[in-house]
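> Below you will find the structure I want to go over with you.
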(Lines give C-alpha, C1' and ligand atoms only; values in the text may rest on other atoms or scores of the structure.)
Protein backbone atom coordinates (compact mmCIF):
# COMPACT_ATOMS: atom_id res chain seq x y z
CA UNK A 1 0.00 0.00 0.00
CA UNK A 2 1.32 3.46 -0.80
CA UNK A 3 1.72 6.57 1.35
CA UNK A 4 -1.84 7.68 0.54
CA UNK A 5 -3.10 5.11 2.98
CA UNK A 6 -6.40 6.16 4.60
CA UNK A 7 -8.43 5.01 7.59
CA UNK A 8 -10.96 3.43 5.21
CA UNK A 9 -8.33 0.83 4.26
CA UNK A 10 -7.75 -0.38 7.83
CA UNK A 11 -10.04 -3.37 7.36
CA UNK A 12 -8.06 -5.15 4.66
CA UNK A 13 -6.56 -8.53 5.72
CA UNK A 14 -3.02 -7.35 5.01
CA UNK A 15 -3.54 -4.53 7.54
CA UNK A 16 -5.28 -6.69 10.16
CA UNK A 17 -2.39 -9.15 10.13
CA UNK A 18 -0.07 -6.36 11.36
CA UNK A 19 -1.79 -2.98 11.59
CA UNK A 20 1.03 -1.11 13.34
CA UNK A 21 2.91 0.24 10.27
CA UNK A 22 -0.45 1.56 9.01
CA UNK A 23 -1.21 3.24 12.33
CA UNK A 24 2.11 5.05 11.92
CA UNK A 25 0.94 6.40 8.57
CA UNK A 26 -2.27 7.79 10.11
CA UNK A 27 -1.01 9.02 13.49
CA UNK A 28 0.84 12.05 12.12
CA UNK A 29 -2.21 13.27 10.23
CA UNK A 30 -5.44 14.71 11.56
CA UNK A 31 -8.07 12.08 12.52
CA UNK A 32 -9.80 10.71 9.42
CA UNK A 33 -13.48 9.91 8.94
CA UNK A 34 -14.88 6.94 7.08
CA UNK A 35 -13.74 3.76 8.84
CA UNK A 36 -16.57 1.26 8.19
CA UNK A 37 -15.99 -1.30 10.92
CA UNK A 38 -18.11 -3.72 12.95
CA UNK A 39 -18.32 -3.36 16.75
CA UNK A 40 -18.47 -6.54 18.86
CA UNK A 41 -21.80 -8.33 18.62
CA UNK A 42 -22.74 -7.00 15.22
CA UNK A 43 -22.97 -9.22 12.19
CA UNK A 44 -21.11 -8.41 8.97
CA UNK A 45 -23.45 -9.16 6.10
CA UNK A 46 -26.55 -8.50 8.22
CA UNK A 47 -25.84 -5.22 10.04
CA UNK A 48 -24.86 -2.00 8.29
CA UNK A 49 -21.74 -0.30 9.72
CA UNK A 50 -21.60 3.44 10.39
CA UNK A 51 -18.64 5.49 9.15
CA UNK A 52 -16.42 6.42 12.08
CA UNK A 53 -13.58 8.80 12.93
CA UNK A 54 -10.32 6.97 13.64
CA UNK A 55 -8.42 8.42 16.64
CA UNK A 56 -4.82 7.22 16.55
CA UNK A 57 -2.82 9.53 18.89
CA UNK A 58 -2.39 8.85 22.60
CA UNK A 59 -3.56 12.33 23.51
CA UNK A 60 -6.75 12.10 21.44
CA UNK A 61 -7.61 8.57 22.54
CA UNK A 62 -7.23 9.37 26.26
CA UNK A 63 -9.15 12.65 25.89
CA UNK A 64 -12.08 10.79 24.32
CA UNK A 65 -11.95 7.87 26.78
CA UNK A 66 -11.98 10.25 29.74
CA UNK A 67 -14.84 12.35 28.44
CA UNK A 68 -17.71 9.89 28.72
CA UNK A 69 -20.30 12.67 28.78
CA UNK A 70 -19.54 13.54 25.16
CA UNK A 71 -18.22 10.17 23.94
CA UNK A 72 -21.08 7.80 24.71
CA UNK A 73 -20.56 4.05 24.98
CA UNK A 74 -24.11 3.20 24.00
CA UNK A 75 -23.98 1.35 20.73
CA UNK A 76 -27.13 1.93 18.66
CA UNK A 77 -25.91 -0.51 16.04
CA UNK A 78 -25.58 -3.33 18.54
CA UNK A 79 -28.86 -2.36 20.21
CA UNK A 80 -30.58 -2.70 16.83
CA UNK A 81 -28.88 -6.01 16.03
CA UNK A 82 -30.06 -9.45 17.14
CA UNK A 83 -27.08 -9.89 19.49
CA UNK A 84 -27.50 -9.27 23.24
CA UNK A 85 -26.35 -5.80 24.34
CA UNK A 86 -23.22 -5.95 26.49
CA UNK A 87 -23.40 -4.85 30.11
CA UNK A 88 -21.29 -1.87 31.22
CA UNK A 89 -19.38 -1.79 27.93
CA UNK A 90 -22.40 -0.28 26.19
CA UNK A 91 -23.98 1.78 28.98
CA UNK A 92 -23.70 5.42 30.04
CA UNK A 93 -24.34 7.15 33.36
CA UNK A 94 -26.48 6.86 35.45
CA UNK A 95 -27.28 3.31 34.33
CA UNK A 96 -23.57 2.55 34.05
CA UNK A 97 -23.01 3.60 37.68
CA UNK A 98 -25.73 1.25 38.98
CA UNK A 99 -24.39 -1.68 36.95
CA UNK A 100 -20.78 -0.92 37.72
CA UNK A 101 -21.35 -0.76 41.47
CA UNK A 102 -23.10 -4.14 41.42
CA UNK A 103 -20.44 -5.67 39.17
CA UNK A 104 -17.68 -4.31 41.36
CA UNK A 105 -19.21 -5.72 44.51
CA UNK A 106 -19.62 -9.14 42.91
CA UNK A 107 -16.54 -9.29 40.66
CA UNK A 108 -13.77 -8.37 43.09
CA UNK A 109 -10.03 -8.98 42.78
CA UNK A 110 -10.44 -11.00 45.99
CA UNK A 111 -12.80 -13.44 44.21
CA UNK A 112 -10.32 -13.87 41.36
CA UNK A 113 -7.17 -14.14 43.48
CA UNK A 114 -8.50 -16.19 46.38
CA UNK A 115 -11.14 -18.38 44.70
CA UNK A 116 -9.90 -18.93 41.17
CA UNK A 117 -6.12 -18.37 41.13
CA UNK A 118 -5.14 -21.47 43.18
CA UNK A 119 -7.36 -23.63 40.96
CA UNK A 120 -5.86 -21.95 37.87
CA UNK A 121 -2.34 -22.76 38.99
CA UNK A 122 -3.22 -26.42 39.54
CA UNK A 123 -5.13 -26.67 36.25
CA UNK A 124 -2.26 -25.21 34.21
CA UNK A 125 0.23 -27.54 35.90
CA UNK A 126 -2.01 -30.49 34.92
CA UNK A 127 -2.19 -29.24 31.33
CA UNK A 128 1.60 -29.29 31.09
CA UNK A 129 1.84 -32.66 32.88
CA UNK A 130 -0.59 -34.34 30.48
CA UNK A 131 1.30 -33.14 27.37
CA UNK A 132 1.95 -36.39 25.53
CA UNK A 133 2.90 -34.80 22.24
CA UNK A 134 5.22 -31.89 22.74
CA UNK A 135 4.65 -30.73 19.16
CA UNK A 136 1.44 -28.75 19.19
CA UNK A 137 -0.44 -25.81 17.80
CA UNK A 138 -0.38 -23.65 20.90
CA UNK A 139 -3.44 -21.65 19.84
CA UNK A 140 -5.62 -24.74 19.30
CA UNK A 141 -4.58 -26.74 22.29
CA UNK A 142 -3.52 -24.37 25.04
CA UNK A 143 -4.38 -20.74 24.42
CA UNK A 144 -8.05 -21.37 23.72
CA UNK A 145 -8.52 -23.65 26.69
CA UNK A 146 -7.13 -21.60 29.56
CA UNK A 147 -9.38 -18.49 29.45
CA UNK A 148 -12.56 -20.43 28.61
CA UNK A 149 -12.06 -22.98 31.39
CA UNK A 150 -11.29 -20.21 33.87
CA UNK A 151 -14.42 -18.37 32.86
CA UNK A 152 -16.58 -21.46 33.53
CA UNK A 153 -15.00 -21.73 36.97
CA UNK A 154 -15.40 -18.04 37.76
CA UNK A 155 -19.03 -17.79 36.61
CA UNK A 156 -19.98 -21.21 37.95
CA UNK A 157 -21.09 -23.23 34.92
CA UNK A 158 -19.94 -26.78 34.05
CA UNK A 159 -16.24 -26.81 33.22
CA UNK A 160 -16.80 -29.31 30.40
CA UNK A 161 -18.60 -26.58 28.43
CA UNK A 162 -15.46 -24.48 27.95
CA UNK A 163 -15.21 -25.21 24.21
CA UNK A 164 -18.67 -23.72 23.66
CA UNK A 165 -17.63 -20.50 25.40
CA UNK A 166 -14.58 -20.15 23.23
CA UNK A 167 -16.54 -20.58 19.99
CA UNK A 168 -19.27 -18.19 21.05
CA UNK A 169 -16.76 -15.54 22.11
CA UNK A 170 -14.92 -15.87 18.83
CA UNK A 171 -18.07 -15.42 16.73
CA UNK A 172 -19.35 -12.53 18.84
CA UNK A 173 -16.13 -10.53 18.67
CA UNK A 174 -16.10 -10.52 14.86
CA UNK A 175 -12.60 -11.92 14.77
CA UNK A 176 -12.85 -15.12 12.76
CA UNK A 177 -14.40 -15.81 9.41
CA UNK A 178 -17.97 -16.84 10.15
CA UNK A 179 -20.88 -16.40 7.78
CA UNK A 180 -23.65 -14.03 8.89
CA UNK A 181 -25.95 -17.02 9.50
CA UNK A 182 -23.31 -18.85 11.59
CA UNK A 183 -22.61 -15.75 13.65
CA UNK A 184 -26.32 -15.16 14.29
CA UNK A 185 -26.86 -18.80 15.28
CA UNK A 186 -23.84 -18.66 17.58
CA UNK A 187 -25.10 -15.49 19.34
CA UNK A 188 -28.50 -17.13 19.83
CA UNK A 189 -26.95 -20.29 21.27
CA UNK A 190 -24.83 -18.20 23.64
CA UNK A 191 -27.89 -16.32 24.91
CA UNK A 192 -29.97 -19.51 25.25
CA UNK A 193 -27.23 -21.26 27.25
CA UNK A 194 -26.94 -18.50 29.87
CA UNK A 195 -30.70 -17.98 30.03
CA UNK A 196 -31.03 -21.65 30.98
CA UNK A 197 -28.10 -21.61 33.44
CA UNK A 198 -29.27 -18.44 35.19
CA UNK A 199 -32.89 -19.59 35.21
CA UNK A 200 -31.88 -22.81 36.94
CA UNK A 201 -30.13 -20.78 39.66
CA UNK A 202 -33.22 -18.63 40.24
CA UNK A 203 -35.37 -21.76 40.44
CA UNK A 204 -32.98 -23.29 42.98
CA UNK A 205 -33.10 -20.07 44.97
CA UNK A 206 -36.92 -20.07 44.91
CA UNK A 207 -36.92 -23.72 46.02
CA UNK A 208 -34.85 -22.77 49.07
CA UNK A 209 -31.70 -24.58 47.92
CA UNK A 210 -28.28 -23.32 49.02
CA UNK A 211 -26.59 -21.72 46.05
CA UNK A 212 -22.85 -22.10 45.51
CA UNK A 213 -20.76 -18.94 45.85
CA UNK A 214 -19.70 -18.01 42.35
CA UNK A 215 -19.87 -14.93 40.17
CA UNK A 216 -23.30 -15.79 38.77
CA UNK A 217 -24.91 -16.14 42.19
CA UNK A 218 -23.01 -13.07 43.46
CA UNK A 219 -24.49 -11.05 40.59
CA UNK A 220 -27.96 -12.34 41.53
CA UNK A 221 -27.60 -11.39 45.20
CA UNK A 222 -25.73 -8.09 45.10
CA UNK A 223 -27.79 -4.99 45.79
CA UNK A 224 -27.40 -1.32 44.91
CA UNK A 225 -29.67 1.15 46.70
CA UNK A 226 -31.85 -1.75 47.83
CA UNK A 227 -32.31 -3.29 44.38
CA UNK A 228 -30.79 -6.31 42.71
CA UNK A 229 -30.25 -6.98 39.01
CA UNK A 230 -33.12 -8.42 36.98
CA UNK A 231 -32.77 -12.00 35.77
CA UNK A 232 -32.19 -10.74 32.24
CA UNK A 233 -29.42 -8.42 33.43
CA UNK A 234 -27.67 -11.33 35.15
CA UNK A 235 -27.84 -13.27 31.88
CA UNK A 236 -26.38 -10.36 29.94
CA UNK A 237 -23.61 -9.92 32.51
CA UNK A 238 -22.63 -13.58 32.04
CA UNK A 239 -22.63 -13.12 28.27
CA UNK A 240 -20.48 -9.99 28.57
CA UNK A 241 -17.98 -11.86 30.74
CA UNK A 242 -17.75 -14.71 28.24
CA UNK A 243 -17.30 -12.65 25.10
CA UNK A 244 -14.82 -10.33 26.82
CA UNK A 245 -12.94 -13.00 28.73
CA UNK A 246 -12.85 -16.09 26.54
CA UNK A 247 -11.54 -14.30 23.45
CA UNK A 248 -9.11 -11.45 24.11
CA UNK A 249 -7.01 -13.40 26.61
CA UNK A 250 -6.48 -16.18 24.07
CA UNK A 251 -4.65 -13.67 21.90
CA UNK A 252 -2.82 -12.22 24.90
CA UNK A 253 -1.39 -15.68 25.75
CA UNK A 254 -0.43 -16.24 22.10
CA UNK A 255 1.31 -12.88 21.84
CA UNK A 256 3.25 -13.58 25.06
CA UNK A 257 4.51 -16.88 23.65
CA UNK A 258 5.46 -15.35 20.29
CA UNK A 259 7.67 -12.83 22.09
CA UNK A 260 9.35 -15.59 24.12
CA UNK A 261 10.08 -17.40 20.83
CA UNK A 262 11.23 -14.35 18.89
CA UNK A 263 13.35 -13.04 21.74
CA UNK A 264 14.78 -16.10 23.54
CA UNK A 265 16.89 -13.80 25.70
CA UNK A 266 13.65 -12.74 27.39
CA UNK A 267 12.74 -16.38 28.09
CA UNK A 268 16.18 -16.81 29.68
CA UNK A 269 15.72 -13.62 31.72
CA UNK A 270 12.36 -14.86 33.07
CA UNK A 271 13.88 -18.27 33.86
CA UNK A 272 16.51 -16.53 35.96
CA UNK A 273 14.23 -13.99 37.63
CA UNK A 274 10.50 -14.51 37.93
CA UNK A 275 9.97 -11.04 39.31
CA UNK A 276 10.28 -9.99 35.64
CA UNK A 277 7.00 -11.75 34.79
CA UNK A 278 4.89 -8.71 35.68
CA UNK A 279 6.94 -6.18 33.66
CA UNK A 280 7.08 -8.72 30.82
CA UNK A 281 3.26 -8.94 30.79
CA UNK A 282 2.89 -5.17 30.99
CA UNK A 283 5.21 -4.54 28.04
CA UNK A 284 3.44 -7.22 26.00
CA UNK A 285 0.11 -5.57 26.78
CA UNK A 286 1.50 -2.25 25.60
CA UNK A 287 3.30 -3.33 22.45
CA UNK A 288 1.11 -6.26 21.40
CA UNK A 289 -2.12 -5.72 23.33
CA UNK A 290 -4.85 -7.75 21.61
CA UNK A 291 -7.66 -5.19 21.66
CA UNK A 292 -7.08 -2.66 18.90
CA UNK A 293 -10.02 -0.28 19.14
CA UNK A 294 -13.45 0.30 20.65
CA UNK A 295 -16.21 2.66 19.58
CA UNK A 296 -17.99 5.67 21.03
CA UNK A 297 -20.81 7.82 19.64
CA UNK A 298 -20.66 11.62 20.10
CA UNK A 299 -23.52 13.18 22.06
CA UNK A 300 -22.62 16.73 20.99
CA UNK A 301 -20.35 18.58 18.55
CA UNK A 302 -16.74 18.67 19.71
CA UNK A 303 -13.36 19.78 18.38
CA UNK A 304 -10.71 17.12 18.97
CA UNK A 305 -7.32 16.42 17.43
CA UNK A 306 -7.73 19.28 14.96
CA UNK A 307 -11.06 18.15 13.52
CA UNK A 308 -14.72 18.98 14.16
CA UNK A 309 -16.65 15.91 15.23
CA UNK A 310 -20.43 16.24 14.95
CA UNK A 311 -23.13 15.03 17.30
CA UNK A 312 -24.09 11.49 16.29
CA UNK A 313 -20.73 10.71 14.66
CA UNK A 314 -19.09 7.40 15.47
CA UNK A 315 -15.55 7.50 16.81
CA UNK A 316 -13.09 4.58 16.97
CA UNK A 317 -10.58 4.85 19.82
CA UNK A 318 -7.44 3.01 18.66
CA UNK A 319 -5.89 2.09 22.00
CA UNK A 320 -3.32 -0.07 20.20
CA UNK A 321 -2.13 2.85 18.08
CA UNK A 322 -1.91 5.08 21.18
CA UNK A 323 0.25 2.40 22.81
CA UNK A 324 2.81 2.87 20.05
CA UNK A 325 2.66 6.66 19.94
CA UNK A 326 6.34 7.72 19.87
CA UNK A 327 5.50 11.00 21.61
CA UNK A 328 4.65 8.96 24.74
CA UNK A 329 6.60 5.71 24.41
CA UNK A 330 10.19 5.99 23.22
CA UNK A 331 11.11 3.41 20.54
CA UNK A 332 7.53 2.14 20.67
CA UNK A 333 8.04 -0.89 18.42
CA UNK A 334 10.74 -2.32 20.69
CA UNK A 335 10.02 -4.66 23.57
CA UNK A 336 11.67 -2.96 26.55
CA UNK A 337 11.38 -4.63 29.95
CA UNK A 338 10.79 -2.20 32.81
CA UNK A 339 10.09 0.67 30.45
CA UNK A 340 9.80 3.82 32.60
CA UNK A 341 6.23 4.82 31.80
CA UNK A 342 4.85 1.34 31.11
CA UNK A 343 1.91 1.87 33.47
CA UNK A 344 0.49 4.40 31.03
CA UNK A 345 -0.44 1.82 28.40
CA UNK A 346 -4.11 1.78 27.38
CA UNK A 347 -4.76 -1.86 26.59
CA UNK A 348 -7.33 -2.17 29.38
CA UNK A 349 -8.90 1.14 28.37
CA UNK A 350 -8.93 4.34 30.35
CA UNK A 351 -11.49 5.87 32.71
CA UNK A 352 -14.75 4.38 33.98
CA UNK A 353 -14.97 1.94 31.08
CA UNK A 354 -11.61 0.33 31.84
CA UNK A 355 -11.62 -3.48 31.60
CA UNK A 356 -13.04 -5.01 34.78
CA UNK A 357 -11.49 -8.32 33.84
CA UNK A 358 -7.92 -7.00 33.79
CA UNK A 359 -7.18 -8.89 37.02
CA UNK A 360 -8.42 -12.11 35.41
CA UNK A 361 -6.31 -11.57 32.29
CA UNK A 362 -3.20 -10.83 34.33
CA UNK A 363 -3.83 -13.77 36.66
CA UNK A 364 -4.25 -16.20 33.75
CA UNK A 365 -1.12 -14.91 32.02
CA UNK A 366 0.86 -15.01 35.27
CA UNK A 367 -0.12 -18.63 35.97
CA UNK A 368 0.55 -19.60 32.35
CA UNK A 369 4.02 -18.02 32.32
CA UNK A 370 4.88 -19.64 35.65
CA UNK A 371 3.64 -22.96 34.21
CA UNK A 372 5.93 -22.63 31.18
CA UNK A 373 8.88 -21.74 33.39
CA UNK A 374 8.15 -24.72 35.67
CA UNK A 375 7.80 -27.30 32.91
CA UNK A 376 9.47 -26.15 29.70
CA UNK A 377 13.21 -25.90 29.11
CA UNK A 378 13.02 -24.62 25.54
CA UNK A 379 10.36 -23.43 23.10
CA UNK A 380 10.96 -24.13 19.40
CA UNK A 381 8.92 -22.83 16.50
CA UNK A 382 8.20 -25.82 14.20
CA UNK A 383 6.47 -24.07 11.32
CA UNK A 384 5.28 -20.65 10.26
CA UNK A 385 3.24 -18.42 12.61
CA UNK A 386 -0.12 -17.49 11.08
CA UNK A 387 -1.80 -14.34 12.36
CA UNK A 388 -5.56 -13.86 12.35
CA UNK A 389 -7.05 -11.68 9.60
CA UNK A 390 -10.78 -12.07 10.35
CA UNK A 391 -11.34 -8.68 12.00
CA UNK A 392 -9.60 -5.62 13.39
CA UNK A 393 -10.73 -5.97 17.00
CA UNK A 394 -7.86 -8.22 18.04
CA UNK A 395 -4.19 -8.42 17.09
CA UNK A 396 -3.22 -12.00 17.52
CA UNK A 397 -2.10 -15.37 16.30
CA UNK A 398 -4.35 -18.00 14.75
CA UNK A 399 -1.77 -20.80 14.44
CA UNK A 400 1.36 -21.09 16.52
CA UNK A 401 3.05 -24.46 15.87
CA UNK A 402 5.60 -25.08 18.60
CA UNK A 403 7.59 -27.81 20.25
CA UNK A 404 7.87 -27.59 24.00
CA UNK A 405 11.10 -29.23 25.14
CA UNK A 406 9.99 -30.39 28.56
CA UNK A 407 12.26 -30.31 31.58
CA UNK B 1 3.82 21.68 47.03
CA UNK B 2 3.71 18.99 49.73
CA UNK B 3 6.44 16.79 51.13
CA UNK B 4 5.20 13.22 51.41
CA UNK B 5 7.00 10.24 52.93
CA UNK B 6 6.61 7.05 50.94
CA UNK B 7 7.59 3.50 51.86
CA UNK B 8 7.94 1.45 48.68
CA UNK B 9 7.16 -2.25 48.25
CA UNK B 10 10.73 -3.19 49.25
CA UNK B 11 10.38 -1.26 52.52
CA UNK B 12 12.65 1.56 51.36
CA UNK B 13 11.79 5.11 52.51
CA UNK B 14 11.57 8.09 50.14
CA UNK B 15 10.64 11.71 50.61
CA UNK B 16 8.83 13.22 47.61
CA UNK B 17 8.17 16.88 46.91
CA UNK B 18 4.94 16.81 44.94
CA UNK B 19 3.48 19.72 43.02
CA UNK B 20 -0.25 20.42 42.90
CA UNK B 21 -2.17 19.73 39.69
CA UNK B 22 -2.41 15.94 39.58
CA UNK B 23 -3.50 13.08 41.78
CA UNK B 24 -1.21 11.16 44.11
CA UNK B 25 -1.71 8.10 41.87
CA UNK B 26 -0.29 9.92 38.83
CA UNK B 27 2.70 11.14 40.83
CA UNK B 28 3.43 7.65 42.21
CA UNK B 29 2.88 6.00 38.83
CA UNK B 30 5.12 8.46 37.02
CA UNK B 31 7.88 7.96 39.59
CA UNK B 32 7.70 4.17 39.18
CA UNK B 33 6.42 3.16 42.58
CA UNK B 34 4.59 0.26 40.93
CA UNK B 35 1.00 1.51 41.06
CA UNK B 36 -0.91 0.85 37.84
CA UNK B 37 -3.82 3.29 37.85
CA UNK B 38 -5.54 1.14 35.21
CA UNK B 39 -8.83 3.01 35.38
CA UNK B 40 -7.11 6.38 35.09
CA UNK B 41 -8.56 7.76 38.33
CA UNK B 42 -12.14 6.46 38.39
CA UNK B 43 -11.73 4.63 41.74
CA UNK B 44 -12.91 1.40 40.23
CA UNK B 45 -9.87 -0.83 39.58
CA UNK B 46 -8.02 -0.71 42.91
CA UNK B 47 -4.62 -0.87 41.22
CA UNK B 48 -3.29 2.28 42.95
CA UNK B 49 -3.86 0.94 46.46
CA UNK B 50 -1.86 2.53 49.28
CA UNK B 51 -1.90 2.56 53.08
CA UNK B 52 -1.92 5.93 54.83
CA UNK B 53 -0.83 6.79 58.34
CA UNK B 54 -3.76 6.26 60.72
CA UNK B 55 -3.68 9.85 61.96
CA UNK B 56 -4.52 11.05 58.43
CA UNK B 57 -7.61 8.88 58.02
CA UNK B 58 -9.98 11.48 59.40
CA UNK B 59 -8.60 14.19 57.15
CA UNK B 60 -8.60 11.94 54.08
CA UNK B 61 -11.70 9.73 54.24
CA UNK B 62 -12.67 7.46 51.34
CA UNK B 63 -16.10 8.03 49.77
CA UNK B 64 -18.65 5.24 49.32
CA UNK B 65 -17.55 4.11 45.85
CA UNK B 66 -13.87 4.07 46.81
CA UNK B 67 -14.60 2.18 50.04
CA UNK B 68 -16.52 -0.42 48.04
CA UNK B 69 -13.59 -0.92 45.65
CA UNK B 70 -11.20 -1.25 48.58
CA UNK B 71 -13.45 -3.85 50.20
CA UNK B 72 -12.92 -6.14 47.21
CA UNK B 73 -9.11 -6.03 47.39
CA UNK B 74 -7.08 -8.92 48.75
CA UNK B 75 -4.77 -6.67 50.79
CA UNK B 76 -7.38 -4.24 52.13
CA UNK B 77 -6.73 -2.81 55.61
CA UNK B 78 -8.48 -0.23 57.79
CA UNK B 79 -6.05 2.44 56.55
CA UNK B 80 -6.36 1.60 52.83
CA UNK B 81 -6.90 4.37 50.28
CA UNK B 82 -6.84 4.58 46.51
CA UNK B 83 -4.16 7.10 45.61
CA UNK B 84 -6.12 8.22 42.52
CA UNK B 85 -8.66 9.77 44.89
CA UNK B 86 -6.09 11.86 46.76
CA UNK B 87 -5.77 15.27 45.17
CA UNK B 88 -2.37 16.94 45.35
CA UNK B 89 -4.05 20.35 45.32
CA UNK B 90 -4.75 20.03 49.05
CA UNK B 91 -2.25 20.38 51.88
CA UNK B 92 -0.66 16.99 52.36
CA UNK B 93 2.54 18.21 54.04
CA UNK B 94 3.99 15.40 56.15
CA UNK B 95 1.65 12.65 54.91
CA UNK B 96 3.13 9.19 55.36
CA UNK B 97 2.07 6.40 53.03
CA UNK B 98 3.20 2.95 51.99
CA UNK B 99 2.48 1.24 48.68
CA UNK B 100 0.20 -1.79 49.08
CA UNK B 101 1.21 -5.11 47.48
CA UNK B 102 -0.18 -5.58 43.95
CA UNK B 103 -3.32 -7.73 43.62
CA UNK B 104 -1.60 -9.82 40.94
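The values are calculated or read from the model by the stated rules, or taken from the named source; none is laboratory data. Given the structure is predicted, the values throughout are model-derived calculations rather than measurements. Methodologically, a virtual Cβ is constructed for each residue, glycine included, from the backbone with ideal geometry; neighbour enumeration extends over all protein chains shown.
> Go through segment B:1-28 residue by residue and tally those that are free of Cβ contacts under 8 Å to residues at least 60 places away in the same chain, under 17 Å from residue B:89 (Cα atoms) and in contact with a strand residue (DSSP E or B) (Cβ under 9 Å, 6 or more places away or on another chain).
Of the residues in that region, 3 qualify.
> Inspect all residues belonging to segment A:117-139 and state whether any of them is within 20 Å of the chain's Cα centre (by Cα), at pLDDT 90 or above and more than 30 Å from residue B:66 (Cα to Cα).
There is at least one residue in segment A:117-139 that is within 20 Å of the chain's Cα centre (by Cα), at pLDDT 90 or above and more than 30 Å from residue B:66 (Cα to Cα).
> Hey, among the residues in segment A:75-97 that are surrounded by fewer than 16 Cβ atoms within 10 Å (Cβ to Cβ) and in contact (Cβ under 8 Å) with a residue 24 or more places away in the chain, which one's nearest to the other protein chains (Cβ to nearest Cβ)? Full working, then the answer.
Our first condition is that a residue be surrounded by fewer than 16 Cβ atoms within 10 Å (Cβ to Cβ); within segment A:75-97, this holds for A:76, A:79-80, A:82, A:93-95, A:97.
Now restrict to residues that are in contact (Cβ under 8 Å) with a residue 24 or more places away in the chain: A:76, A:80, A:82, A:93.
Working: A:76: 24, A:80: 29, A:82: 31, A:93: 12 Å.
The selected residue is A:93.
> Please enumerate the residues belonging to segment B:38-49 that are surrounded by fewer than 24 Cβ atoms within 10 Å (Cβ to Cβ) and more than 7 Å from chain A (Cβ to nearest Cβ).
B:41, B:43
> How many residues, within segment A:20-49, are closer than 16 Å to residue A:295 by Cβ and surrounded by 17 or more Cβ atoms within 10 Å (Cβ to Cβ)? Reasoning before the result, please.
Quick first cut of segment A:20-49, residues closer than 16 Å to residue A:295 by Cβ only: A:31-44, A:47-49.
Next, only the ones that are surrounded by 17 or more Cβ atoms within 10 Å (Cβ to Cβ) stay: A:31-33, A:35, A:37-44, A:47.
Looking only at that region, the number is 13.
> Buried (at least 20 other Cβ atoms within 10 Å of the Cβ) and at pLDDT 95 or above: is that true of residue B:52 in this structure?
yes
> Going through segment A:189-238 one residue at a time, which ones are part of a helix (DSSP H, G or I) and over 26 Å from the mean Cα position of the chain (by Cα)?
Of everything in segment A:189-238, those that are part of a helix (DSSP H, G or I) and over 26 Å from the mean Cα position of the chain (by Cα) turn out to be A:199, A:200, A:201, A:202, A:203, A:204, A:205, A:206, A:221.
> How many residues are assigned to a loop (DSSP other than H, G, I, E, B) and in contact (Cβ under 8 Å) with a residue 24 or more places away in the chain if we restrict to segment B:91-104?
Within segment B:91-104, residues that are assigned to a loop (DSSP other than H, G, I, E, B) and in contact (Cβ under 8 Å) with a residue 24 or more places away in the chain number 9.
> For residue B:35, work out the one condition from (1) assigned to a loop (DSSP other than H, G, I, E, B); (2) within 11 Å of chain A (Cβ to nearest Cβ); (3) out of contact with any helix residue (DSSP H, G or I) (no Cβ under 6 Å at 6 or more places or on another chain) it doesn't fulfil.
(3)
> Just the residues that are closer than 14 Å to residue A:234 by Cβ and without any contact (Cβ under 8 Å) to a residue 40 or more places away in the chain, please, taken from segment A:185-200.
Of everything in segment A:185-200, those that are closer than 14 Å to residue A:234 by Cβ and without any contact (Cβ under 8 Å) to a residue 40 or more places away in the chain turn out to be A:193, A:196, A:199, A:200.
> Looking only at segment A:226-251, count how many residues are free of Cβ contacts under 8 Å to residues at least 24 places away in the same chain and within 17 Å of residue A:187 (Cα to Cα).
1
> What strands (runs of 3 or more DSSP E), lying completely within segment A:272-388, carry at least 2 residues that are surrounded by 22 or more Cβ atoms within 10 Å (Cβ to Cβ)?
Values: elements: A:294-298, A:302-304, A:307-309, A:314-317, A:376-381.
By residue number, A:294-298, A:314-317.
> Read through the list (1) assigned to a loop (DSSP other than H, G, I, E, B); (2) in contact (Cβ under 8 Å) with a residue 60 or more places away in the chain; (3) under 30 Å from residue B:65 (Cα atoms), then give the number of the only condition that residue A:42 fails.
With (1) assigned to a loop (DSSP other than H, G, I, E, B); (2) in contact (Cβ under 8 Å) with a residue 60 or more places away in the chain; (3) under 30 Å from residue B:65 (Cα atoms) applied to residue A:42, the lone miss is (3).
> If a residue has to be closer than 30 Å to residue A:225 by Cα and away from every other protein chain (no Cβ under 14 Å) to count, how many in segment A:98-144 make the cut?
So the answer is 0.
> Return yes when residue A:57 is under 21 Å from the mean Cα position of the chain (by Cα), surrounded by 18 or more Cβ atoms within 10 Å (Cβ to Cβ) and either away from every other protein chain (no Cβ under 13 Å) or more than 29 Å from residue A:214 (Cβ to Cβ) (or both) and no when it is not.
yes
> Checking residue B:76 against (1) surrounded by 20 or more Cβ atoms within 10 Å (Cβ to Cβ); (2) within 10 Å of chain A (Cβ to nearest Cβ); (3) closer than 23 Å to residue A:366 by Cβ, only one condition comes out false. Which one?
Against the list (1) surrounded by 20 or more Cβ atoms within 10 Å (Cβ to Cβ); (2) within 10 Å of chain A (Cβ to nearest Cβ); (3) closer than 23 Å to residue A:366 by Cβ, residue B:76 comes up short only on (1).
> I've got another one for you. How about segment A:72-186: which helices (runs of 4 or more DSSP H) wholly inside it have at least 2 residues that are closer than 30 Å to residue B:64 by Cβ?
A:95-106, A:145-155
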